[in-house]
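A quick write-up on the structure given underneath.
The values are calculated or read from the model by the stated rules, or taken from the named source; none is laboratory data. Bear in mind the structure is a predicted one, so any value in this text is a computation, not a measurement. With ideal geometry, Cβ positions are generated from the backbone for all residues, glycine too; neighbour counts draw on all protein chains shown.
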């Protein structure tokens, strides 16, 4: 219990250090980490509201954007936040209580908290102003959000550690993120696609993430296609890869 408490204090201290290093003492600090996903999602919601019909395929466009871009922001923050974090904080490993896994955990918790707070604020504003209806099944929507968190966090850890094994891999991360956007499930519902395309798209685990969130938000008003078992199986496999890569990454880090 004492060791667990010490471990929690280390991660808490690393989160505070990360905030100060990224935003300084004179800026808004943690508020900026919340404002960033809010500004991105709100901007896209306004843009889509101007150029598209208020209802697309029976779904309010504001709610559709919100249930797509907030998980997308979570995904991007996990992936970009983990790249290079070990390399830039390697001197912290001089301190015996700090492990490389603590550095990654602190960044992951910070990204999760900031995006989740932004999600609740945007949801409250959108619903209270009548731009979108409230979630039909909040429990399922929250479960979908947590599944998104697990999957995207593991992908971020794998990405962050593999770039330490082979640094040039970092150059391919952003192009890959852009290339997989059209098939990720952000801009469409699986049921809108032809049957042959549905079968192909459902091999992509991120599609199940978005479909699950939207199933909780829109309820029976739309038809969704997702498999929690498949998503869990793939994410569990990635979790094992993440654990193996994290255990072996220290020998690839050079403390200066």
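With the structure loaded, tell me whether residue 114 is under 28 Å from residue 165 (Cα atoms) and touching a residue at least 40 places away in the same chain (Cβ under 8 Å) or whether it fails that test. Answer is no for this residue.
One residue alone among 101, 125 is under 19 Å from the mean Cα position of the chain (by Cα), part of a helix (DSSP H, G or I) and surrounded by fewer than 21 Cβ atoms within 10 Å (Cβ to Cβ), and that residue is 101.
Anything in the range 52-67 that is free of Cβ contacts under 8 Å to residues at least 24 places away in the same chain and part of a loop (DSSP other than H, G, I, E, B)? List them, or say none. Selection gives 52, 53, 54. If you go through the range 70-88 one residue at a time, how many are touching a helix residue (DSSP H, G or I) at 6+ places or on another chain (Cβ under 6 Å) and within 23 Å of residue 172 (Cβ to Cβ)? Adding up the residues that qualify gives 12.
With respect to residue 136, is the statement that it is surrounded by 15 or more Cβ atoms within 10 Å (Cβ to Cβ), in contact with a strand residue (DSSP E or B) (Cβ under 9 Å, 6 or more places away or on another chain) and under 27 Å from residue 55 (Cβ atoms) true? No; evaluated as a whole, the condition is false for this residue.
Here's the yes/no breakdown for (1) part of a loop (DSSP other than H, G, I, E, B); (2) over 14 Å from residue 71 (Cβ atoms); (3) modelled with pLDDT under 95:
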| site | (1), (2), (3) |
| --- | --- |
| 169 | no, yes, yes |
| 174 | no, yes, yes |
| 177 | no, no, yes |
| 180 | no, no, yes |
| 187 | yes, no, yes |
| 196 | no, yes, yes |
| 203 | yes, yes, no |
| 207 | no, no, no |
| 210 | no, no, no |
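Evaluation of residue 119 against the conditions (1) more than 12 Å from the chain's Cα centre (by Cα); (2) closer than 23 Å to residue 185 by Cα shows that the sole unmet condition is (1).
Conditions (1) within 23 Å of residue 148 (Cα to Cα); (2) part of a loop (DSSP other than H, G, I, E, B); (3) at pLDDT below 85, marked per residue:
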site	(1), (2), (3)
35	yes, no, yes
40	yes, no, yes
43	yes, no, yes
46	no, no, yes
50	no, no, yes
69	yes, no, no
74	yes, no, no
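Could you pull out the residue among 142, 162 that is part of a helix (DSSP H, G or I) and modelled with pLDDT under 90? Selected residue: 162, the only one of 142, 162 that is part of a helix (DSSP H, G or I) and modelled with pLDDT under 90. Among the residues of the range 127-159, write down those that are touching a helix residue (DSSP H, G or I) at 6+ places or on another chain (Cβ under 6 Å), more than 25 Å from residue 12 (Cα to Cα) and touching a residue at least 12 places away in the same chain (Cβ under 8 Å). Passing the criteria: 131, 132, 135, 136, 137, 140, 141, 144. The conditions of being touching a residue at least 12 places away in the same chain (Cβ under 8 Å), assigned to a loop (DSSP other than H, G, I, E, B), touching a helix residue (DSSP H, G or I) at 6+ places or on another chain (Cβ under 9 Å) and over 18 Å from residue 63 (Cα atoms) are not met by residue 230. Taken over the range 168-192, the criterion of being under 29 Å from residue 89 (Cα atoms) and either crowded, with 22+ Cβ neighbours inside 10 Å or without any contact (Cβ under 8 Å) to a residue 12 or more places away in the chain (or both) is satisfied by 168, 169, 171, 172, 174, 175, 176, 178.
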